[in-house]
Amino acid sequence: MKTTLGERLTDWSISGFMWGFRILIVFIVVAGTFFTLQSGKYTGEQWIDFIVFGVSQGSIYALIALGYTMVYGILRMINFAHGEIFMSGAFSAYFLATWLNTIGFVDANPVLGLLIPILFAMFMSACIAMLVERVAYRPLRNAPRLVPLISAIGASFFLQYTFRGFFGPGVYAYPPIKALEGEWVIFGVGILKVQIIVAVAAALIMALLYIIVMRTKLGKAMRAVSEDKDTAALMGIDVNRIIVSTFAIGAAMAGAAGVLYALIYRQVNFFMGFTPGIKAFTSAVLGGIGNIPGAMLGGLVLGVFESIGPALFLDGLGIIRPYQLKDAIAYTMLVMILLFRPSGILGERLTSKKA
Amino acid sequence: MKKENFIWSSTKIGLLAGAIAIFLCLVGMVEVFSKRDVIEKVLTLGMFLLLATSILAGFLASRRTSELLDGNKAPSNLLAGAIAGLAMGAVLAFFVLFSNQVNLRAVFLNVTPALMQLLTFNQGVGGVWQLPVLGAVSGLAGGAFLLIPQNFRKPIVQALMVIIFLALFSSLFRIIMINQGGGIERTARTIFSQTGLTITGGLIFFFGTILFSVLWSTQRERVQNSVDRLPKKGKISLRVFSIILLAYVVIMLPQAAGPFIAQVVVIISLYILMGLGLNIEIGFAGLLDLGFVAFYAIGAYTVGLLTSYGEYGLQHVSFWVAVPIAVLVAMLFGGILGVPVLGVRGDYLAIATLGFGEIVRLLAGSDFMARWLGGPRGIIGIQKPCIGTLGEFVAVDVPRVCNGIELGKPQDIYYIAIASALLIAFFSYRLRESRLGRAWMAIREDEDVAEALGIKLVQAKLLAYMLGAAFAGLGGAIFATLVGSIFASSMQLIVSINVVALIIVGGMGSIPGVIVGAIALIGLPELLREVSEFRFLLYGVALIAVMLAKPEGLWPSETISRELHHDEVAETTS
């Protein structure tokens, strides 16, 4: 192809610009880390705290990210309303847990008191997701790509403000569970019990999902549909049913994540789904969207980065109160991955049409 | 295939409508809207919502019955409508009885005694039987609608729509008319009540619209013929006359309506401005940008820093100098942020730009940038525009004296906003017809084909991005001046979603669509406190509904609606 000097110049200036961008980010990370470590402002114990917090936070992101990744794998669509499904799970669990708490059930059986709200949240989230799929997504399955995305944005707002209408704009305090208070001392480092329980619970749920996807007939069908819808239909798979179950399973995990999130932060609000939703999407893209182990890995990486990032990268550069920019780190990671490696860590490189 | 029984299908529709009715109650719409009347003492807006649901259910059931039984037959259609309405009323009645037994309010905030009073017609639980009866009657009416001859259906629907429209905007019309004084004021007082239409007003408008609509449908050809027969000069003068009339209304509106309405109209015109800007990205070039608020913020902060007489003001220049700079700065940032995302397509672009928007907001509100941007305290004391010369800057927190006319009131900013909106409308109209506009549309349809045809993707996309950013910057600049202060907390994603929603509801790529969308989506919630509570809920519904029913929007551009319906066209021609 014949290229004029002007075109070559634009190409060069753009790639130069992109390289400048990369260098800037790398510089921030390297210089920030260097200065922070040199100043010795944080003790080893604090770093461990950051990492543990990041892992428990990240496992929640991973749980939500699975829903994004599974739906994307099958429908090539960003389920923008997934964060709201997460929020609806937290809300359902809140009401049940409060009731269980007032009748004294939680104190008597702490395990069941934790488990029952989680199961209830999973159930409610799955129901809401199936409803959303039926009303807002299914009729648009063959529409141009932006159409379902806009419909999903609409669904997200609809759910958010429905919950606001039902339960008001206030912040609800998730009831305390006595058994989860306090710390466990592991290798001489005190770690909050909640964080360990959350990480373990998330790991268990993800293991369950992995078994479903890899070992059951349903999982096999799901994998087949995500590979090729039409061929799967020819093989006698009811594609509609598989899509609905994918939504339901993804939503159930988001619902469980909602409860775990509420356990850590102890509050429930109609707007709580937005930020974790975007971050979980970031995790899904980070790990390679459509890729289930990738989503788990991406969640953990994002959680840890976000937790240690402000202290490690920003503090050293003399930025005041770096914690205010915690979310900005996550968003920057999001933009960077979308720009430089849209296929993520584990994903195979998607053709440009798909991405 | 065995056909469904129409009684069962009607019941199903009725139950669904019942669920919707309960939803409307739980979300609080029924109670809040019942503070406003459609027709005074007869029908509140809240009751109207429920009635409209059951009428619609009756209509749908009746239509489904006609499908099942192959044709309209009076008894079965009426029966279907009544069944659907009855089912909905029964569901609602069951809801009332249930919440009488169980304390739902512990979970759902809106199950208030006041709502129960409304649903039982102030008669306590004993009055609950009226719900199914009313449901059946209104469902019957809905079912009967299908039996009315086609020619009469349209006028009736139009008359109802006119009444609802007037009732919703009654406060606006009432204020304008009352401000005129004299006979107009007296008319206003007979037609409009404090909260809606009066009975007289309702009757006048209902029959007036029907009469007009029937007359129009019979006389339209004659009117059109006589317009066509006019000599060329006459046609031109008719056109000039209507433009002058429109301009007069637009110019006089804030004067006639007072500061509150003027403020609302300023906000509408600002959103028209930003809508037209984003329309270039979404509508023309097909780049869904959810980070629009970033450029809005950049425009606002630039004007703030340049003109503020508060502690963060840097230069203290006048509004007229600051705005072009703000537009250029926003455009520059559009380029800087645009270059990296050029390669990202479709829904990834939406998320990447959303990330940008959030980063800008977080940075602007953080303590890190507070030294320059005021952080959470924001920038205050933005100089109002001044026609004439500005006095010297004396000290912090002392506005510069304006020797001339100071455009301080919302009414004054209104003219600036309208003038810029007009300019941009003209600009984007010309752009759409230009070579660049056609390149954008080609990119929207298929990037690879566009590139193969020799369109320079990088250049065209970057230009779309930068122009959109420039308009957003202009919107932010005017907004900052209007409010007189800027806070990072007001630069939420919501602003971007507002703009996206109005473009999509109005019609992607269509310039009049943006105006219609801005009036409907921004104006209505600003005017009606009742609606503004449910603003984003309604946005959500509107986005989904538009995508499901009419992806081209309320006022589509011709090309887009042709594209979205090309299957149908192909079917009819083949």
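The values are calculated or read from the model by the stated rules, or taken from the named source; none is laboratory data. Just so it is clear, the model here is predicted, and its values are computed rather than measured. So basically every Cβ, Gly included, is an ideal-geometry build from the backbone, and we count neighbours across all protein chains shown. Heads up: the accessible areas ignore ligands, DNA and RNA and are worked out on the full protein's heavy atoms, side chains in. Shrake-Rupley method; radii C 1.70, N 1.55, O 1.52, S 1.80 Å.
What to note about this one:
- Listed residues B:Leu79, B:Ile336, A:Ser15: farthest to the positive end of the dipole of the protein assembly as shown (Cβ charges): B:Leu79
- Surface share of carbon and sulfur [accessible, 1.4 angstrom probe, percent] for region A:121-174: 71
- Remark: mean inter-chain Cβ contacts per residue of A:320-333 equal 5, using a 10 Å Cβ-Cβ cutoff to other protein chain atoms.
- Relative to the dominant Cα principal axis of chain B, helix B:535-549 is inclined by about 70°.
- Hypothetical label at B:Phe241: residues of region B:198-231 whose amide nitrogen lies under 16 Å (7 Å Cα-Cβ projection): B:223-231
- Debye, to nearest 20: dipole size of the protein assembly as shown, +1 on Lys, Arg Cβ, -1 on Asp, Glu Cβ: 1480
- Surface per residue (accessible, 1.4 Å probe) for region B:1-142, Å²: 48
- Ordering of B:334-341, B:350-357 by burial proxy (mean other Cβ atoms within 10 Å per residue, highest first): B:350-357, B:334-341
- Region B:25-91: GluC sites (Glu not before Pro) in DSSP coil with no more than 13 other Cβ atoms inside 10 Å: none
- Within the assembled protein chains, the solvent-accessible surface assigned to B:Glu281 is about 0 Å², based on a 1.4 Å probe.
- Accessible area (Å², 1.4 Å probe, nearest 10) - A:Lys229: 60
- Dipole magnitude of chain B, debye to nearest 20 (Cβ charges: Lys/Arg +1, Asp/Glu -1, about Cα centre): 1320
- Under the span-like rule (Cα at least 27 Å along the axis, Kyte-Doolittle mean at least -0.5), DSSP H helices of chain A: A:5-39, A:44-75, A:82-102, A:110-132, A:146-167, A:193-215, A:239-265
- Cross-link pairs beyond the 31 Å C-alpha cut-off, checked among A:Lys279/B:Lys461; A:Lys41/A:Lys279; A:Lys193/A:Lys279; B:Lys461/B:Lys550; A:Lys220/B:Lys12: A:Lys220/B:Lys12
- Helix B:232-279 and the longest principal axis of the Cα set of chain B meet at an angle near 80°.
- Using the 1.4 Å probe convention, the accessible area of region A:99-245 works out to 52 Å² per residue with neighbouring protein chains retained.
- For region A:50-95, accessible area per residue (1.4 Å probe, heavy atoms of protein chains only), Å²: 13
- Radius of gyration and maximum dimension Dmax of region B:1-123, Cα, Å: 16.1, 51
- Degrees, to the nearest 10: B:150-168 long Cα axis against longest axis of chain B: 50
- Area accessible to solvent at B:Lys409, 1.4 Å probe radius, in Å²: 120
- Estimated FRET transfer efficiency when R0 is 35 angstrom, pair A:Phe17-A:Arg215 (beta carbons, to 0.05): 0.15
- Of the trypsin sites (Lys or Arg not before Pro) in region B:43-134, the ones in a loop by DSSP (not H, G, I, E or B) with at most 14 other beta carbons within 10 Å are B:Lys73.
- Partner shielding of B:444-452 amounts to 1, given as the average count of beta-carbon atoms from other chains within 10 Å of each residue beta-carbon.
- Buried on assembly, region B:331-350 (at least 20 Å² less accessible surface than by itself, 1.4 Å probe): B:Ile336, B:Val339, B:Pro340, B:Val344, B:Arg345, B:Asp347, B:Tyr348
- The aspartates and glutamates within cross-link reach of B:Lys384, meaning a Cα-to-Cα straight distance under 17 Å and a gap of 8 or more places when in the same chain, are B:Glu311, B:Glu392, B:Asp397, B:Glu406, B:Asp412.
- Using a 1.4 angstrom probe on protein heavy atoms only, the contact between B and A buries about 4900 square angstrom of accessible area, both sides summed.
- Nearest-20 debye value, region B:124-272 charge dipole, Cβ charges on Lys, Arg, Asp, Glu: 580
- The distance separating the Cα centre of region B:10-37 from that of region A:102-117 comes to 36 Å.
- When region A:246-355 is described by a simple charge dipole with +1 on each Lys and Arg Cβ and -1 on each Asp and Glu Cβ, the residue from A:Phe270, A:Phe247, A:Leu302 located farthest towards its positive end is A:Phe247.
- Among the protein heavy atoms of chain B, carbon and sulfur supply 69% of the accessible surface, probe 1.4 Å, non-protein parts ignored.
- Other protein chain Cβ atoms within 10 Å, averaged over every residue that makes up B:106-117: 2
- Projected area averaged over orientations for the protein assembly as shown, convex hull of C-alpha atoms, nm²: 46.4
- Distance between the 7 Å Cα→Cβ label points at A:Glu183 and B:Ile164: 6.1 nm.
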